[in-house]
1. Rg to Rh for segment 60-134: what is it, with Cα atoms only and Rh by Kirkwood?
2. For segment 76-171, which trypsin sites (Lys or Arg not before Pro) are in a loop by DSSP, counting at most 16 other Cβ atoms within 10 Å?
3. What figure in square angstrom, to the nearest 10, would you give for the accessible area of THR105 with a 1.4 Å probe?
4. Show me the three semi-axes of the equivalent ellipsoid for segment 19-102, from the C-alpha gyration tensor (sqrt of 5 times each eigenvalue), largest first, rounded to whole Å.
5. Looking at segment 71-171, which GluC sites (Glu not before Pro) are in a loop (DSSP not H, G, I, E or B) and have at most 11 other Cβ atoms within 10 Å?
6. Between GLN134, GLN153, GLN70, where does the largest GNM mean-square fluctuation fall for the chain, given springs only between Cα atoms within less than 10 Å?
7. Can you work out the base-10 log of I(q)/I(0) for the chain at q = 0.16, 0.17, 0.19 1/Å, using the Debye formula on its C-alpha atoms alone?
8. Tell me, what is the percent relative contact order of segment 52-106, built from C-alpha pairs under 8 Å that lie six or more residues apart?
Amino acid sequence: MSFHNFQNKANYNSIRNIIEGDNGCLWVAVGGGISLFNPINGSFTMLSESHPELLPYSHCPALAKDENGQLIVGSISGLYYYNPKLDFVWRPEIDAPKDHRFIHTSSRYNYICRDSRGLYWFGTYNGLNIVDMQQDKIYYINTEHGMPNSIVQMIGEDNEHNIWVSTTNGI
């Protein structure tokens, strides 16, 4: 186990999420966006340095991987996908605005989870958006469906494949 101190690095003192990348590197959701951390030399490379179109998506609490290894990034300004192998960014709101799978109840994302069935759970400020890519369907759940609050903080799956959702007012 190793530890790194980021106190003197701007935008790195608020780590929201971490996902394993290739070659032992880590994708880190920090205060300034998504960064690739190399634990060997301690370097950070902000994704927005090579993709300035991502600057509006700087506050990114939600980070997941899809079945192809692409990053799914949810910010308080919207959603984007990043393919690290092709160094390609895809933003559904801009690149596919009529794709019903990405017309969500809010463009403010707190959490993204891919469950064991392959469903994508997008936790927003206005409930859950559950996307079934195989069936080409989307489902919405919020307080009208029994959630204690519509602001989703976290989504997790237990060993029995139950989905647990934390909101600002309970689970």
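1. Result for segment 60-134 is an Rg/Rh of 0.93.
2. Values: sites: LYS85, LYS98, ARG101, ARG108, ARG114, ARG117, LYS137; in loops: LYS85, LYS98, ARG108, ARG117.
The qualifying sites are LYS85, LYS98, ARG117.
3. 50 Å²
4. Numbers: eigenvalues 95, 39, 23 Å².
Output for segment 19-102: semi-axes of 22, 14, 11 Å.
5. GLU160
6. Residue with maximal mean-square fluctuation among GLN134, GLN153, GLN70: GLN134.
7. Per q value, in the given order, log10 I(q)/I(0) is -0.97, -1.08, -1.30.
8. On the way: 68 pairs, mean separation 11.4, N = 55.
Normalised by residue count, the contact order of segment 52-106 is 21 percent.
The values are calculated or read from the model by the stated rules, or taken from the named source; none is laboratory data. Small disclaimer: the values here were computed from a predicted structure and weren't measured. Neighbour counts run over all protein chains shown; Cβ positions are idealised from the backbone, glycine included. Quick note on the areas: whole protein, heavy atoms, side chains included, nothing else; ligands and nucleic acids left out. Shrake-Rupley method; radii C 1.70, N 1.55, O 1.52, S 1.80 Å.
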